[in-house]
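The values are calculated or read from the model by the stated rules, or taken from the named source; none is laboratory data. Predicted, not measured: the structure shown is a model, and the values here were computed from it. Every residue, glycine as well, gets a Cβ built from its backbone with ideal geometry; the counts of neighbours run over all protein chains shown. Surface areas here come from the heavy atoms of the whole protein model, side chains and all, with no ligands, DNA or RNA. Shrake-Rupley method; radii C 1.70, N 1.55, O 1.52, S 1.80 Å.
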Amino acid sequence: MDMSVRCVCRSLQKCLIRRRATQLCQKWSAVTISNRDKIPMLVASRNLTTENEIQGFNNFSQRSHSCGEFRHTHIGQEVKICGWVQYKRLMFLVVRDWSGLVQVLLPESMLAVLKELPFESVVEVTGTVQARRDGEVNEEMDTGQIEIHAVNIRVLNLCQEKLPININVKGEETNEMRRMQYRYLDLRNEQLQLNLRLRSAMVMRMREFLHGQGFVDVDTPTLFRRTPGGAREFLVPTSNPGKFYTLPQSPQQFKQLLMVGGMDRYYQIARCYRDEGSKPDRQPEFTQVDLELSFTTQEDVRNLIEQLIQYFWPAIKGQITIPFPSMTYHEAMIQYGSDKPDTRYDMRLQTVDDLMLDCGIQKIEENMKRAGAHCVALVVPQGSMFSRKEIEGLHKDEKFIFVKVGPAGEFKANTNNLKTGSVTALSTKLQVKEGDLIIVVCGEGYTPYEVCGKIRTSAAAKLEDKGVAFIPRNKFNFLWVVDFPLFLPAETGDGLEPAHHPFTAPHPEDEKFLKTDPLKVRSQHYDLVLNGAEVGGGSIRIHDSDMQRYILETILKEDVRQLQHLIDALSFGCPPHGGIALGLERMVAVICGTKSIRDVIAFPKTVEGRDPVSGAPTEISGVDLAHYHIKVDPSLGEKSNEEQ
């Protein structure tokens, strides 16, 4: 065959493959599952009707079908399944794999095997699919219309000991640390299976969309160098005395260098590392959907991300509409007291400076005479449900006054100094209802707003705990927060620090303040918030080498030599560029409705950053330490143990 004809045939074949993949993905996003709100599994979907499509999930294995795919259309077929023993009774056996459950009916000749078969043993069953008899259909099971009449059962592996944790047993919760220790068993849990498979499906759709928009998947180095600013980095020793790598906090510098190199559009499902404590929404190693593009604006990036999210969004979670709403950092702070507000419920903050200037409380009146002071009020609906102790516990570290609506509509305060006129004025302006709770916080700058914002979040959670359906379920509110400050006062010592990172470009209108009043400069930084969680952050970058040097050297007082490679790259004709990183685990956790990102990670770390399965981090031998020219002071380990 002529070479040119062969190339055309190959191109056509690739197009057909991509078209087929797109068709399958479209079917995936349209799937609905009956009985339970599950992630749409292709093998369990009635939308996929051809047998070849279903059996494709069992190619390259010894089974013919997955346990959860059987329906009445399979009746009469000879099948082979493999899975774990979930339940047994009399002549019946329930076998489970990742796709679901199926009931197996054993003949009398096999009952001896059933009797000696421990739960969670791995079996292979060959038999015929039959309809269940009248009255025996189980509507709670997706496979409840059929059962497999076994002709052969083979034990592939006996579960020799009782499992140390409960699997798929509702109401019997095992200690989370123990579950993490035996994570390989906990992964058999249906919810974890669903979470991880949803994550996988979302990533596949992300890749497909970005590839279709001309983005190139590029791996960037994991072994990097120490750079100034940001979170603490993990050090990696080398055999070269005194020389260390670091693990990157993100591919930030590399993706900017790719733009210098003319790559134009880059993306990566990137592993990132930060040597800081774990929290429910944070791990020492995590995954970002990282992307960058040249000749763009922040509006372009935001539009791109909105279309990306709409493309990979699971259909079972409802539809999302674009464009997402946006608000400035200042608006978010004064309305919600947070730069990542949960907008599913209202309960907005209100500034009540004018009502508290002559309120009768001396500390507030004196504070309001200071420049930048504010009094901020928050109305908590049905706050009369809270005890005084619960109210004071809403924010333990801050001083605030509260006013409570009495049964007859009269206000009562926790201080005798608050004037009646101020109470009445608050009631009128805030439009309080009987049973509402008013909390007023006084302070300078954004501080009283931040305090009220934390109280807002705590109060909403307490209302939920008390059975008040306050926060809408299965509602997903996206929000862009823009116009952040470019710099903030340093948390330790004098000087300034970047609000985002030192490569963020200033707002064009504020560049004139860089040399006179840097704290006035807004940034071209944008955060994506989902239900009160920051799930993405990005910015337009500095592409001018002189501006980058000035910000690092003069404003941030950083050692420019550590970033000389980036300064040099920007000086060689760098295009304007910008990008964003989405926190994959955070987004999946919100979508799945879990309280911790650990529930969407196969093998997560503890709060201390430890891996309970393997025990990492561990000590290494003296020989290995010598190879890396490292000497450990034993007394430091003793002090650390004492502190813990």
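Tabulated data for the structure shown
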{"quantity": "Residue match in region 264-279 (condition: within 30 Å of C442 (Cβ to Cβ) and out of contact with any Leu (no Cβ under 6 Å at 6 or more places or on another chain))", "calculated": "yes"}
{"quantity": "Single match in F470, F478 (criterion: within 22 Å of R456 (Cβ to Cβ), of a type in the set (F, W, Y) and modelled with pLDDT of 95 or more)", "calculated": "F478"}
{"quantity": "Any hit, region 44-58, residues being modelled with pLDDT under 95, within 20 Å of H149 (Cα to Cα) and of a type in the set (K, R)", "calculated": "no"}
{"quantity": "Given (1) in a strand (DSSP E or B); (2) at pLDDT below 85; (3) open to solvent by less than 50 Å² (accessible area, probe 1.4 Å), index of the condition K412 fails", "calculated": "(3)"}
{"quantity": "Residues satisfying the stated conditions in region 194-218, i.e. open to solvent by 30 Å² or more (accessible area, probe 1.4 Å) and not in a loop (DSSP other than H, G, I, E, B)", "calculated": "L196, R197, R199, S200, M204, R207, E208, H211, G212, V216, D217"}
{"quantity": "Residue among Q319, Q350, Q283, Q310 that alone is touching a residue at least 60 places away in the same chain (Cβ under 8 Å) and either open to solvent by less than 20 Å² (accessible area, probe 1.4 Å) or out of contact with any strand residue (DSSP E or B) (no Cβ under 9 Å at 6 or more places or on another chain) (or both)", "calculated": "Q283"}
{"quantity": "Enumeration of residues in region 615-642 that are of a type in the set (V, I, T) and either modelled with pLDDT under 90 or surrounded by 11 or more Cβ atoms within 10 Å (Cβ to Cβ) (or both)", "calculated": "I620, I630, V632"}
{"quantity": "Tally of residues being without any contact (Cβ under 8 Å) to a residue 24 or more places away in the chain and in contact with a Leu (Cβ under 9 Å, 6 or more places away or on another chain) across region 332-347", "calculated": "1"}
{"quantity": "Test result for G242, of a type in the set (G, A, S) and within 18 Å of T296 (Cα to Cα)", "calculated": "no"}
{"quantity": "Selection within region 228-252 - open to solvent by less than 30 Å² (accessible area, probe 1.4 Å) and touching a His at 6+ places or on another chain (Cβ under 8 Å)", "calculated": "Q252"}
{"quantity": "Among the candidates P502, P489, residue that is in contact (Cβ under 8 Å) with a residue 24 or more places away in the chain, buried (at least 19 other Cβ atoms within 10 Å of the Cβ) and out of contact with any strand residue (DSSP E or B) (no Cβ under 6 Å at 6 or more places or on another chain)", "calculated": "P502"}
{"quantity": "Where L257 falls short, out of the listed (1) farther than 19 Å from E585 by Cα; (2) without any contact (Cβ under 8 Å) to a residue 40 or more places away in the chain", "calculated": "(2)"}
{"quantity": "Strands (runs of 3 or more DSSP E) contained in region 96-193 and holding at least 1 residues more than 20 Å from F70 (Cβ to Cβ)", "calculated": "146-157"}
{"quantity": "Matching residues, region 419-471, being open to solvent by less than 60 Å² (accessible area, probe 1.4 Å), closer than 22 Å to A371 by Cβ and not in a helix (DSSP H, G or I)", "calculated": "V440, V441, C442, G443, G445"}
{"quantity": "Region 518-531, residues that are open to solvent by 20 Å² or more (accessible area, probe 1.4 Å) and touching a helix residue (DSSP H, G or I) at 6+ places or on another chain (Cβ under 7 Å)", "calculated": "P518, K520, R522, Q524, N531"}
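Condition check ((1) in a loop (DSSP other than H, G, I, E, B); (2) more than 32 Å from the chain's Cα centre (by Cα)) across all residues:
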site: V529; (1), (2): no, no
site: M547; (1), (2): no, yes
site: G609; (1), (2): yes, no
site: P617; (1), (2): yes, no
